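Peer 1: Take a look at the following structure, please.
The values are calculated or read from the model by the stated rules, or taken from the named source; none is laboratory data. The model shown is predicted, which means the values in this text are computed figures rather than measured ones. Positions of Cβ are backbone-derived with ideal geometry, glycine not excepted, and every protein chain shown enters the neighbour counts. The protein model used for the area step is the full one, side chains on, heavy atoms only, and it has no ligands, DNA or RNA in it. Shrake-Rupley method; radii C 1.70, N 1.55, O 1.52, S 1.80 Å.
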Amino acid sequence: MTAGAFSPVVRARVMARSGGFCEIRAVGCWDEASQLHHRRPRGMGGSRSPVTGSASNAAACCVQCHAWAESHRELAMDRGWIVRQGADPREIPVYRYRRWVLLDDEGGITPAGVVS
């Protein structure tokens, strides 16, 4: 496993959480998740941080939505798909399937109660 990569356990938790579908759902979404996106990018938290490889820091996504999140960072940050350096991804809500939720490290979700 390379530094900052998600372990097989984390990958399985995130894919189970998503049901195999893209969690980002940007314009042009391909629907089926084939990748994991780092919410707090490795360059913003250090590749050795335990947060970097956690399920709360991961989003299952399609190729198209992964590219969207990386090229529309401000919008992705507004939706919780990008997390600022030093922030705990477990505490930052994400807009997922038309509702705001918190992601945990076991692969679970909790309604966040955010009004958009």
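Peer 1: Return the distance in nm (one decimal) between the two label points of a simple spin-label model at residue 72 and residue 12, each offset 7 Å from Cα along Cα→Cβ.
Peer 2: A separation of 3.4 nm, rounded to one decimal place.
Peer 1: Treating the beta-carbon of each Lys and Arg as +1 and of each Asp and Glu as -1, no other charges, what is the dipole magnitude of the chain about its Cα centre, to the nearest 20 debye?
Peer 2: 80 debye
Peer 1: Per residue, how many Å² of accessible area does the chain show with a 1.4 Å probe?
Peer 2: Dividing the accessible area of the chain by its residue count gives 54 Å².
Peer 1: When only the heavy atoms of the protein chains count and the probe is 1.4 Å, how do 29, 22 rank by accessible area, highest first?
Peer 2: Per-residue accessible area, sorted high to low, gives 29, 22.
Peer 1: Moving on. Calculate for the chain the 222 nm mean residue ellipticity that helices alone would give, adding -39,500 (n - 2.57) per DSSP H run of length 4 or more and normalising by residue count, nearest 500 deg cm²/dmol.
Peer 2: -6500 deg cm²/dmol
Peer 1: Still on this model: If exposed trypsin sites (Lys or Arg not before Pro) are those in a DSSP loop with at most 13 other Cβ within 10 Å, what is the longest stretch of the chain that has none?
Peer 2: 1-47
Peer 1: Then there is this: Eigenvalues of the Cα gyration tensor times 5, then square-rooted: what semi-axes does that give for the range 49-90, in whole angstrom, largest first?
Peer 2: 18, 13, 8
Peer 1: Between beta-carbons, use under 13 Å as the cut-off and find the net charge around residue 95, counting Lys and Arg +1, Asp and Glu -1.
Peer 2: Summing Lys/Arg as +1 and Asp/Glu as -1 gives +4.
Peer 1: Also, I was wondering about something else. Carbon and sulfur: what percent of the chain's accessible surface (1.4 Å probe)?
Peer 2: Result for the chain: 53 percent of the exposed heavy-atom area is carbon or sulfur.
Peer 1: At 1.002 mPa s and 20 °C, plugging the Kirkwood radius over alpha-carbon pairs of the chain into Stokes-Einstein gives what diffusion coefficient in µm²/s?
Peer 2: 156 µm²/s
Peer 1: At 1.4 Å probe size, what's the solvent-accessible area of residue 91? Round to the nearest 10 Å².
Peer 2: 130 Å²
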